[in-house]
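The values are calculated or read from the model by the stated rules, or taken from the named source; none is laboratory data. This one's a predicted model, so the numbers in the text were calculated from it and none came from an experiment. Here the Cβ positions follow ideal geometry from the backbone for every residue, glycine too, while neighbour counts run over all protein chains shown.
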Amino acid sequence: MKKITTIFLSLTLWLSLSISQAAETKFIVDDPGGRNNVEFISKAPIENIIGVTNLVTGSITFDPENLQNNAFGKIQVDLRTLNSGIELRDEHMRSEKYLNTQKFPFATFVFDSPVETGILNLKPGETISISLKGKFDLHGITKDIVIQGDASLYNAVKELAEYGYPGEMFNFDGHFKVKLQDFNINRPEFLIMKLAEEQQIHINFTATTGR
């Protein structure tokens, strides 16, 4: 009887873990169409300078049915592809004096904590406000940050697979701020223009389960 009870408890635990693990969904961030993007917006005396890159990769895993469960992920941005619309300015930004992308080619955000939101679950077709707490690595320095934004979940649509969206889809449209001095980055100067000390960062990506 004791042996049967032990087997029953073990089976129950296994089923419980299986259901819990099955609830976690992994979404891959890697759009070959280049529709994902990260941009920084910096105010200067004459104009606002906007730099954009579409090379955003990574993954995010969470339980849409229970956002209080642990979530984890990694988003990586290739800084060597930042484009502000002026080639010479981009070369200056990527140089050793500023971003030094030859030594530090990527900016990376890593998190492994529950999604912060007032909603318990994310249903297909819905958009909710969430916060992601994690570590942001830039220019060889890592800082704690919070990225706030809107998250949406969509069921798989067969017709969208050929456009680069296979499987279920998760979209995140978020923003945060970065102070250059926190990451030992000099403030680039272009003629009389000098970038603001605080940069506004906007990130938008659609990740899918079918990559």
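Quick one: in the range 138-160, of everything that is among the small types (Gly, Ala, Ser) and more than 17 Å from the chain's Cα centre (by Cα), which residue is surrounded by the most Cβ atoms within 10 Å (Cβ to Cβ)?
Looking at the filtered set, the residue picked out is 156.
Which of the following residues is assigned to a strand (DSSP E or B) and over 25 Å from residue 169 (Cβ atoms): 51, 58?
The unique qualifying residue is 51.
If you check residue 96 against the conditions, is it modelled with pLDDT of 90 or more, of a type outside the set (Lys, Arg), loosely packed, with under 14 Cβ neighbours inside 10 Å and not in a loop (DSSP other than H, G, I, E, B)?
no
How many residues does the range 161-185 hold that are surrounded by 13 or more Cβ atoms within 10 Å (Cβ to Cβ) and either among the polar types (S, T, N, Q) or farther than 16 Å from residue 29 by Cα (or both)?
Qualifying residue count for the region: 8.
Could you list, in sequence order, the residues of the range 51-67 that are under 19 Å from the mean Cα position of the chain (by Cα) and not hydroxyl-bearing (Ser, Thr, Tyr)?
Scanning the range 51-67 gives 51, 52, 54, 55, 56, 58, 60, 62, 63, 64, 67.
Residues that are under 18 Å from residue 207 (Cβ atoms) and among the small types (Gly, Ala, Ser): does the range 77-96 have at least one?
Within the range 77-96, not a single residue is under 18 Å from residue 207 (Cβ atoms) and among the small types (Gly, Ala, Ser).
Checking residue 112 against (1) within 17 Å of residue 136 (Cβ to Cβ); (2) modelled with pLDDT of 95 or more; (3) loosely packed, with under 15 Cβ neighbours inside 10 Å, which test does it fail?
The one condition residue 112 does not meet is (2).
Residues are listed down the side, and each one gets a yes or a no for (1) assigned to a loop (DSSP other than H, G, I, E, B); (2) in contact with a Lys or Arg (Cβ under 9 Å, 6 or more places away or on another chain); (3) crowded, with 16+ Cβ neighbours inside 10 Å:
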site: 33; (1), (2), (3): yes, no, no
site: 64; (1), (2), (3): yes, yes, yes
site: 69; (1), (2), (3): yes, no, no
site: 80; (1), (2), (3): no, yes, no
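Tell me, please, whether a residue that is under 30 Å from residue 186 (Cα atoms) and either without any contact (Cβ under 8 Å) to a residue 40 or more places away in the chain or not in a strand (DSSP E or B) (or both) can be found in the range 113-126.
For the range 113-126, residues under 30 Å from residue 186 (Cα atoms) and either without any contact (Cβ under 8 Å) to a residue 40 or more places away in the chain or not in a strand (DSSP E or B) (or both): absent.
Go through (1) assigned to a strand (DSSP E or B); (2) among the polar types (S, T, N, Q); (3) buried (at least 16 other Cβ atoms within 10 Å of the Cβ); (4) free of Cβ contacts under 8 Å to residues at least 24 places away in the same chain for residue 129 and report which single condition fails.
(3)
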